[in-house]
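Reviewing the structure listed below.
The values are calculated or read from the model by the stated rules, or taken from the named source; none is laboratory data. Bear in mind the structure is a predicted one, so any value in this text is a computation, not a measurement. Neighbour counts run over all protein chains shown; Cβ positions are idealised from the backbone, glycine included. Note: areas computed on protein heavy atoms with side chains; ligands, DNA, RNA excluded. Shrake-Rupley method; radii C 1.70, N 1.55, O 1.52, S 1.80 Å.
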Amino acid sequence: DSGVTQTPKHLITATGQRVTLRCSPRSGDLSVYWYQQSLDQGLQFLIQYYNGEERAKGNILERFSAQQFPDLHSELNLSSLELGDSALYFCASRSADRGRGGELFFGEGSRLTVL
Amino acid sequence: SQQGEEDPQALSIQEGENATMNCSYKTSINNLQWYRQNSGRGLVHLILIRSNEREKHSGRLRVTLDTSKKSSSLLITASRAADTASYFCATPETSGSRLTFGEGTQLTVNP
């Protein structure tokens, strides 16, 4: 158990819909990262938050948005869903201890299926 | 494109054999990390090697890093069926924030 919690584990929805994925980082970790893993694109970095502020942005579509709340949990909102958005969405957190060298702790992911 | 590229894409071996996976990267790094992913599960950090290290061991894992060739290898000795998983190398951006992952090597260890 990595200590990172993601909900829901599985989600099936229709094209055009909107979903929210939730992540609770490990206790004490201030950074949250979102990644998308699909069969044809591998593991793609979406966005990073640190203590409530956006720190880095990757290949995140305009239809997607995220935020990190004061209690450090994060939500990834996916809207106007398309078939191609079907993927595993991972949240990861990083230790605040710089000596750890940047190791990420991953949740078990949210599997999104868009029909 | 991915910063790291693993080779081979897939590897099938018998229990007890050694498995070697390679990773090449493009830019300068301060560390390189290896992760394991069981099918459909979250990634688990295995080992981190810093740019000033050439080799590192952790249990049955041995990682090497050649910064002149921008490559790393992960060796799993005396493999077990439970080692069946995908293995990814990852490198941090220069700023040290996000990690960029390679495409992964799918390892199958046959009992």
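Overview of values
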read-out: Residue selected from region B:53-82 under the condition open to solvent by less than 10 Å² (accessible area, probe 1.4 Å) and either among the small types (G, A, S) or assigned to a helix (DSSP H, G or I) (or both), by the criterion farthest from A:D40 (Cα to Cα); value: B:S79
read-out: Residues satisfying the stated conditions in region A:83-115, i.e. within 13 Å of chain B (Cβ to nearest Cβ), assigned to a loop (DSSP other than H, G, I, E, B) and at pLDDT 95 or above; value: A:G107, A:E108, A:G109
read-out: Number of the exception - A:S80 against (1) part of a strand (DSSP E or B); (2) farther than 16 Å from B:E93 by Cα; (3) of a type in the set (G, A, S); value: (1)
read-out: Residue match in region B:39-57 (condition: small (G, A, S) and in contact with a Leu (Cβ under 6 Å, 6 or more places away or on another chain)); value: no
read-out: Those residues of region A:38-50 which are within 24 Å of A:V114 (Cβ to Cβ) and either small (G, A, S) or surrounded by fewer than 20 Cβ atoms within 10 Å (Cβ to Cβ) (or both), in sequence order; value: A:S38, A:L39, A:D40, A:Q41, A:G42, A:Q44
read-out: Residue within region B:43-55 that is more than 25 Å from A:F90 (Cα to Cα) and among the β-branched types (V, I, T) present; value: no
read-out: Strands (runs of 3 or more DSSP E) (entirely within region B:2-43) containing at least 3 residues that are touching a strand residue (DSSP E or B) at 6+ places or on another chain (Cβ under 7 Å) and within 14 Å of another protein chain (Cβ to nearest Cβ); value: B:31-37
read-out: Residue check for A:Q36: assigned to a strand (DSSP E or B), modelled with pLDDT under 95 and either under 23 Å from B:W34 (Cα atoms) or within 13 Å of chain B (Cβ to nearest Cβ) (or both); value: no
read-out: Verdict on A:T15 being farther than 24 Å from B:C89 by Cβ and either more than 14 Å from chain B (Cβ to nearest Cβ) or surrounded by 17 or more Cβ atoms within 10 Å (Cβ to Cβ) (or both); value: yes
read-out: Of residues in region B:89-107 being under 18 Å from B:R50 (Cβ atoms) and assigned to a strand (DSSP E or B), the one modelled with the lowest pLDDT; value: B:P92
read-out: The listed residue being of a type in the set (V, I, T) and part of a loop (DSSP other than H, G, I, E, B), out of A:I60, A:I47; value: A:I60
read-out: Any hit, region A:51-68, residues being within 27 Å of B:W34 (Cα to Cα), in contact (Cβ under 8 Å) with a residue 40 or more places away in the chain, open to solvent by 20 Å² or more (accessible area, probe 1.4 Å) and away from every other protein chain (no Cβ under 11 Å); value: no
read-out: Residue check for A:L46: closer than 24 Å to B:S39 by Cβ, within 11 Å of chain B (Cβ to nearest Cβ) and either modelled with pLDDT under 95 or out of contact with any Pro (no Cβ under 6 Å at 6 or more places or on another chain) (or both); value: yes
read-out: Any hit, region A:4-11, residues being in contact (Cβ under 8 Å) with a residue 24 or more places away in the chain, of a type in the set (S, T, Y) and within 18 Å of B:L99 (Cα to Cα); value: no
